[in-house]
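First the structure, in the form of structure tokens, and then the observations on it.
Rule-based calculations on the coordinates, nothing more; no lab input. Predicted, not measured: the structure shown is a model, and the values here were computed from it. With ideal geometry, Cβ positions are generated from the backbone for all residues, glycine too; neighbour counts draw on all protein chains shown.
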Amino acid sequence: MRVLKFGGTSVGDAEAILRLADITRSRASDPLLLVVSAVGHTTDALEAIGRVAASGRLDYGLQVLRDLRLLHAGLAEELVESAQERRSLLTHFERDFASIERLVGGLAAVEEFSPAVEDRLLHFGELFSSRLVSAALASRGLPAVWVDVRELVVTETSHGGAEPLIEETGHRCREAFAPLLARRLVPVTQGFIARDLSGAATTLGRGGSDYTASLIGASLGAEEIEIWTDVDGVMTADPSLVPEARNIPVMSFREAAELAFFGARVLHPKTLAPAVERGIPVRVLNTRRAAGSGTVILAEAPRDGRPVRSIAYKEGVTLVHLVSARMFKAHGFLARLFEILDRHGVVPDALATSEVSVALAFQGCSALQGALRELSKLGSVSIREAQAMVCVVGEGLRGHPGLAGQVFDALGEVPVSLISQGGSEVALGFVIAESDLASAVRSLHRRFFEQAAEAAVEKEAAHG
Ligand code: ADP
Ligand code: ASP
Ligand code: MG
């Protein structure tokens, strides 16, 4: 069987959902299961509605909510042919929009938007899109059946990005999906959303639908997990930053995991782990070019002769320097540092230490302020905001001695403040100012992909 996951833009409008139906039909010789994200931007809109309602602008929140209602009702009108099915879908929508209105009214009254309530609110996006897709497929003669993933994916109790309970989730998924697949029905379910064991709403973190797809795929022993999105697979760099980026036909689990961890949004960072454990290939494909073969991610990928497979980046990074003369040859210092970070629940994305100082890079940690206050008891702390972390990734980095030199040569005059290599054998990361990001990534891309290709062409011409 195959799991097909469709992201926000792949269910973003009626045309996209029709393409999704065509793709589903083209794979119907295998048992299929669909995982869908919320209709593009719905999750952002729901989050904004909650935030503005709690900050005293309920009217504005309700206006955005009206837009969402119109968007979803319009899609139902366009995509569901049977009047009875359409009525039933719209009834579900109306009931859910009424619940959202009550929830948002409550937020305005208490002037607070807690992570637990945010998870409850965000659930509606995937509930809407999955009902819509299921009805649209049924309308086109596909044997779709809507399944509520909240009964199946169980997490620990934490909000904004909870850890799933893998065994329980696997067990529940097998029980629920196996009989449907045996009857050759096509379950359509939600990515991203879940519940804890007490039944409270949780989520797997933004972009988490990829992770749901791989959790379900692994639990069912899928032949392949297909991640359908808006680009031609995993590319040599983010194509929205580097228009010259090109598709990577095949890469290893390790490379893809490092790329995702270092910010390549195309895959949620946790997606690969369940697939790795079961050795299930993950394929990233473009819904607009369904005939392409995208990128396949395998346990081992053949080297392509280049040291670098792709370049990733993260924005919104804060760089923290901690300098302490007491650290010189003192044991227990790093243990105290990590104990403080751990207690505040903040995790550095990279770090480098010298005898008397530590540099740490954090992305978007709201809890960082509290940790910094305590860190200042260990030594003098300085912070630099608006930084970015760039990472070059490739199995070919192993045993490629001159690589760091080539990377920093390509960066030219761009100041680099923290370098991290060695933690992973397949990644080399560093921190620069956000204002240098676009030009740095483009220079690296030119150096490792465009010039390399030109050199290969010249070499071939010389030989020919
Ligand atoms: P979806 O809604 O389908 O989950 P996302 O927006 O989460 O899609 O991920 C796809 C986006 O990831 C692309 O539009 C692209 O801008 C971005 N991206 C970042 N790095 C890469 C990369 N190395 N390869 C492909 N896409 C990338
Ligand atoms: N809809 C969720 C988000 O926007 C999950 C996802 O798209 O993967 O983050
Ligand atoms: Mg995504």
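Quick look at the numbers
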quantity	calculated
Gyration tensor (alpha-carbon) shape descriptor, region 94-242, a/c threshold 1.5	rounded
Spatially near lysine pairs across the chain, Cα under 25 Å, sequence gap of 8 or more or different chains	4
Rg/Rh (Cα only; Kirkwood hydrodynamic radius) as it applies to the chain	0.99
Cα-only radius of gyration and Dmax that characterise region 320-380, units Å	10.8, 32
Karplus (6.51, -1.76, 1.60) ³J(HN,Hα), θ = phi - 60°, over region 59-74, in Hz, Gly and Pro reported as x	4, 5, x, 5, 5, 5, 5, 4, 4, 4, 5, 4, 4, 6, 5, x
Kirkwood-based shape ratio for region 356-410, expressed as Rg/Rh from alpha carbons	1.12
Quarter of the Cα convex hull surface for region 319-459, i.e. its orientation-mean projected area (nm²)	9.9
Binned Cα-Cα distance frequencies in region 373-436 - 10 Å width, integer %	18, 42, 27, 13, 1
Descending principal axes extents, region 8-117, alpha-carbon based, whole Å	52, 28, 20
Calculated from backbone phi, Karplus (6.51, -1.76, 1.60) coupling profile of region 171-186 in Hz, x at Gly/Pro	4, 5, 5, 4, 4, 7, 8, 4, x, 5, 5, 4, 8, 6, 7, 10
Selection from ALA194, SER435, GLY7 lying farthest towards where the dipole of the chain points positive, charges on Cβ	ALA194
Zero-based 5 Å bins, Cα pair distances in region 73-174, whole percents	2, 11, 17, 17, 16, 15, 13, 7, 1, 0
Residue-span extension gain [ASP304 to HIS321] - 0.36 nm each, minus C-alpha spacing	2.3 nm
Amide hydrogen neighbours beyond the local backbone of SER310, cut-off 5 Å, H modeled	VAL393
Normalised alpha carbon radius of gyration of region 257-341 [divisor 2.2 N^0.38 Å]	1.65
Dipole of region 363-419 [Lys/Arg +1, Asp/Glu -1 at C-beta], most positive-end residue of VAL392, ALA410, SER366	SER366
Cα shape, region 200-311, gyration tensor, a/c 1.5 rule	prolate
In region 329-383, the GluC sites (Glu not before Pro) that fall in loop regions by DSSP, at most 14 other Cβ within 10 Å	GLU355
Sum of -39500 (n - 2.57) over DSSP H runs of 4+, divided by residues of the chain (222 nm, nearest 500)	-13500 deg cm²/dmol
Calculated P(r) tail over 19 Å for region 214-269, as whole % of Cα pairs	32
Farthest positive-ward along region 247-335 dipole, Cα basis, beta-carbon charges - from LEU334, LEU319, THR295	LEU319
For region 75-189, size of Cβ-based charge dipole, Lys and Arg +1, Asp and Glu -1, in debye	660
Rounded, prolate or oblate (a/c below 1.5 giving rounded, otherwise prolate when a/b exceeds b/c) for region 154-256 by Cα gyration tensor	oblate
Note, ³J(HN,Hα) from phi for region 359-374, Karplus 6.51, -1.76, 1.60, rounded to Hz, x at Gly and Pro	10, 10, 10, 10, 9, x, 9, 6, 7, 5, 4, x, 5, 5, 4, 6
